[in-house]
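Written out below as structure tokens is the structure these notes cover.
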Amino acid sequence: MTLNVAAIRQQFPMLAKQINGKPIHYLDSANSSHKPNCVIDAMSAFMREGYAPIGRSSYTLAGEASAAYEGARTKVAKFINARSSREVIFTKNATESMNLVAQSWGRANLGKGDAILLTHMEHHANIVPWQMLAKESGFEIRWVPLTKDFQLDLSSLDQLLRGVKAFSFTSMSNVLGTINPTREMCAAAHAAGAIAIVDGCQSVPHMATDVQALGADMLAFSSHKMCGPTGVGVLWAREELLEAMPPFLGGGGMISEVSLDGFTYAELPHKFEAGTPPIVEVIGLGAAVDFLNGIGMNEVRRHEIELTNYAYHALTQRYGDDITIHGPTNPELRGATFSFAFRDVHPHDVSQVLDQHNVCVRAGHHCAKPLMRLIGANATARASMYLYSDESDVDALVEALGDVSSIF
Amino acid sequence: MSNLEDLYREVILDHYRTPRNRGELPPPATCTEGTNPLCGDEIKIFLNVIDGIVQDVRFSGHGCSISQASASMMTAIVKGKSLADVRAVARRFKQLMTIEEDDGTTPADIRLGDIEALQGVVKYPVRIKCAVLGWNTLLQGLNSTDA
């Protein structure tokens, strides 16, 4: 293994937890990741020693807290190679980031006769906000289909993009693990005169992200999947776009001037951060970015490729045709997220039996019902790994599946 | 090693593997759909009620062993019963699942029989919704029949 996973695991107190005297095998990181001590400690220390409201009051404490909050923003901006920290907006979660895009950029730019392009592998967060708006504004939603080997079928992309104003797509499927050719897709969008909006929830925690190299216009991701706390998400967008977009939520913090007749809004990024933000959580996210940088995102990716390879072979060698993995076979083209069917056993029953062995997987539709229909499954069991996962977690999964075999 | 015997009792697995009354009924039977949005389970209950008696009942759809076995057992027990008795059985079942309290109004002769095997589900709270999906759908169907 490239990473010293044993040393990494020691930094995650939840991973030391035992149930019924046995260790847990957490394989639900695509859903949410666990948190290292440095994140927990940074949040705790900030609340004990550094907490104050930010951006409003002028006393020393408030100034220091504001600097800490803005320092975290700078860390996040560097983490994805944004041109400026003014391009980084903190939201409640990535879902809110997508709603911000639809309600602000979408409302201002999409009307009857317009079209946007999504793909069949999107999470509900990159479908429903658009559908909600389309119901009012009457624009068309088009879809990039899938190939048989769980990739996006980009053969007709130029045709699909004709007349499209935005191409919004996931950089990595939360169900299939498929990593999409984000750079090429952004370029194709631009060639057609569309902006490229990337749902980075599954890729940003697992590989190096450079928004400038990708050529993206917007990127949404969440803190809680990348070792940070819940309660904060990120929207990055090119400054020109953010400048032209109307505010999303109104209230304190996002204004420059308010009178009985109206308001003017604040400069970026505050224009999009109405109300008291999740200050402590942003501090935690900053610590998570430091933690990931300390390990190295390329190292994380390499580790997950190795682990994907290991898991793929372990599962298929032991169970052969009894297991169907819904996703690409080449570990270079996928992340360490495995959706699978085990014989004809319902995924809930699979996860129930696995739980008996402290193997934590998600069963269900993974908030991607259109995709589930396309792959012909109402639900799948999904095992997803991260930088703290290792062969022992895979081995536990493989062993526990044997018990599923014997019960059903 | 498994403590799952309580959940996956043999009678439950039997109903799962060999469901009773699986299928559909043509109109004038009513069809009521129920879904569990959290897990994607879907069920349809077909009811043929004549003169206040459940003459025939079928279920279709897909779901886990608990939801399918529970629906199968349910159809077996409600067939031929009066609507009042069906409601009483449903209430007793929900009491078994600890989602309704026993207020003492359910007649003593209303028994669940094999269905009591589902009691093990209570130890796994996230699975209770699986067990009651068919029952809630049936009750919805009864309500629309009444209307």
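Tabulated values for the structure
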{"item": "Scan of region A:1-16 for residues that are in contact (Cβ under 8 Å) with a residue 60 or more places away in the chain and open to solvent by less than 60 Å² (accessible area, probe 1.4 Å), ordered by number", "result": "A:Thr2, A:Leu3, A:Val5, A:Ile8, A:Arg9, A:Phe12, A:Leu15"}
{"item": "Strands (runs of 3 or more DSSP E) fully within region A:219-267 counting 1 or more residues that are among the hydrophobic types (A, V, I, L, M, F, W, C) and buried (at least 17 other Cβ atoms within 10 Å of the Cβ)", "result": "A:233-237"}
{"item": "Any hit, region A:73-81, residues being touching a strand residue (DSSP E or B) at 6+ places or on another chain (Cβ under 9 Å) and within 22 Å of A:Leu371 (Cβ to Cβ)", "result": "no"}
{"item": "Sole exception among (1) at the interface with another protein chain (Cβ under 10 Å from one of its Cβ atoms); (2) buried (at least 24 other Cβ atoms within 10 Å of the Cβ); (3) of a type in the set (Gly, Ala, Ser) for A:Ser384, by number", "result": "(1)"}
{"item": "Matching option when the condition is hydroxyl-bearing (Ser, Thr, Tyr), crowded, with 24+ Cβ neighbours inside 10 Å and in contact (Cβ under 8 Å) with a residue 12 or more places away in the chain, among A:Thr337, A:Thr324", "result": "A:Thr337"}
{"item": "So A:Asp393, is it out of contact with any Leu (no Cβ under 7 Å at 6 or more places or on another chain) and not hydroxyl-bearing (Ser, Thr, Tyr)", "result": "no"}
{"item": "Total residues in region A:17-76, condition in a helix (DSSP H, G or I) and open to solvent by 50 Å² or more (accessible area, probe 1.4 Å)", "result": "14"}
{"item": "Contacts under 8 angstrom Cβ, first residue in region B:16-29 being within 10 Å of B:Phe46 (Cα to Cα), partner open to solvent by 100 Å² or more (accessible area, probe 1.4 Å) and in a loop (DSSP other than H, G, I, E, B), 6 or more apart", "result": "none"}
{"item": "B:Thr145 being under 12 Å from the mean Cα position of the chain (by Cα), under 25 Å from B:Ile50 (Cα atoms) and part of a helix (DSSP H, G or I)", "result": "no"}
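Quick grid of which residues meet (1) under 13 Å from A:Val361 (Cβ atoms); (2) among the polar types (S, T, N, Q); (3) more than 14 Å from every other protein chain (Cβ to nearest Cβ):
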| residue | (1), (2), (3) |
| --- | --- |
| A:Leu315 | yes, no, yes |
| A:Arg318 | no, no, yes |
| A:His326 | no, no, yes |
| A:Glu332 | no, no, yes |
| A:Phe342 | yes, no, no |
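One line per residue, one yes/no per condition, for (1) open to solvent by less than 30 Å² (accessible area, probe 1.4 Å); (2) within 30 Å of B:Asn3 (Cα to Cα):
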position: B:Ala29; (1), (2): yes, no
position: B:Pro37; (1), (2): no, yes
position: B:Lys44; (1), (2): no, no
position: B:Ile50; (1), (2): no, no
position: B:Ser65; (1), (2): yes, yes
position: B:Lys79; (1), (2): no, no
position: B:Arg87; (1), (2): no, no
position: B:Arg92; (1), (2): no, yes
position: B:Thr98; (1), (2): no, yes
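The values are calculated or read from the model by the stated rules, or taken from the named source; none is laboratory data. What you see is a predicted model, and the numbers here were worked out from it, not measured in a lab. As a convention, Cβ positions derive from the backbone with ideal geometry for all residues, glycine included, and neighbour counts pool all protein chains shown. Protein only, heavy atoms only, side chains kept; ligands, DNA and RNA dropped before computing areas. Shrake-Rupley method; radii C 1.70, N 1.55, O 1.52, S 1.80 Å.
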